[in-house]
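Report on one structure; see the data block that follows.
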Amino acid sequence: MTREWKPGDVAVGRIAKYEGRFVFRGEYDGWDELDGTEGGWDGTFIADLRPLVVIDPEDREQVERLVKTYNNGEVETEWVDAMQAALRSLIAPPKPPEPTGDWAVVADANGDRWLKDGSGGTHPWVGVCTGEWVPYAEIAAVRILSEGIDQ
C-alpha cells in the first residue's frame, strides 16, 4: 500500500545507517530532517519511511480525541486529565538558557557538573570530573547551580 503524504506530515525513516525524523514539505520540496541539518530529501532516498503521530499534551481537544478513540467513544474528564498527565510525563524538561556569567555551574542529566570558564572561547564549558571542553549546546543541562559572576 502506498501512502499519500501531505505537507506537514511527520515520519521516521532511514538514510543509509542514520535513522531520523522527517517532515514532508510538499511534492516538490521533499522531506526535511526535523533537527534542521538537511533538507529537500526525495522520498526515494529515505528507507522504511513510516508516519508518526504528533499529539500536543497541552491541546485538550487532541488528548480527548485520543481517549475517545481508545475507549470506543467513551470520554470522562478524569480519563482526559490522566492521559494529559501521562503524555506530559514523556516530555523531557526544557533545557535552561545558558548562564551568561563567568564561572557559572550547571548540572547535566547524569548529575555531572560543568563549569563555564571566564575566557569565553568557542568551547567555554569544562566537565568538572571529565576535563572535557564543550560548547553549552552539547551539555544536557537540566539545572543551573550558579549563574556565575558578571564583570
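Does THR77 satisfy the criteria of being closer than 27 Å to ARG143 by Cα, outside the structural domain of CYS129 (by TED's automatic domain parsing) and exposed (fewer than 12 other Cβ atoms within 10 Å of the Cβ)? It would help to see each step written out before you state the result.
Values: closer than 27 Å to ARG143 by Cα: no; outside the structural domain of CYS129 (by TED's automatic domain parsing): yes; exposed (fewer than 12 other Cβ atoms within 10 Å of the Cβ): yes.
Considered against the rule, which asks whether it is closer than 27 Å to ARG143 by Cα, outside the structural domain of CYS129 (by TED's automatic domain parsing) and exposed (fewer than 12 other Cβ atoms within 10 Å of the Cβ), THR77 comes out as no.
From the list GLU58, GLU64, GLU33, pick out the single residue that is exposed (fewer than 14 other Cβ atoms within 10 Å of the Cβ) and not aliphatic (A, V, I, L, M).
GLU58
Within region 1-28, how many residues are surrounded by 17 or more Cβ atoms within 10 Å (Cβ to Cβ) and modelled with pLDDT under 80?
Residues that pass the stated criteria total 0.
Name the one entry in ALA86, ALA82, ALA92 that is small (Gly, Ala, Ser), modelled with pLDDT of 80 or more and either within 30 Å of ILE144 (Cβ to Cβ) or touching a strand residue (DSSP E or B) at 6+ places or on another chain (Cβ under 6 Å) (or both).
Only one candidate passes the filter, namely ALA86.
Just give me the residues in region 126-151 being in contact with a Pro (Cβ under 7 Å, 6 or more places away or on another chain) and not acidic (Asp, Glu), in sequence order.
ALA141, VAL142, ARG143, ILE144, GLY148
Could you list all residues from region 122-151 that are surrounded by 14 or more Cβ atoms within 10 Å (Cβ to Cβ) and at positive phi?
GLY148
The values are calculated or read from the model by the stated rules, or taken from the named source; none is laboratory data. Since this is a predicted model, take the numbers as computed values, not measurements. With ideal geometry, Cβ positions are generated from the backbone for all residues, glycine too; neighbour counts draw on all protein chains shown.
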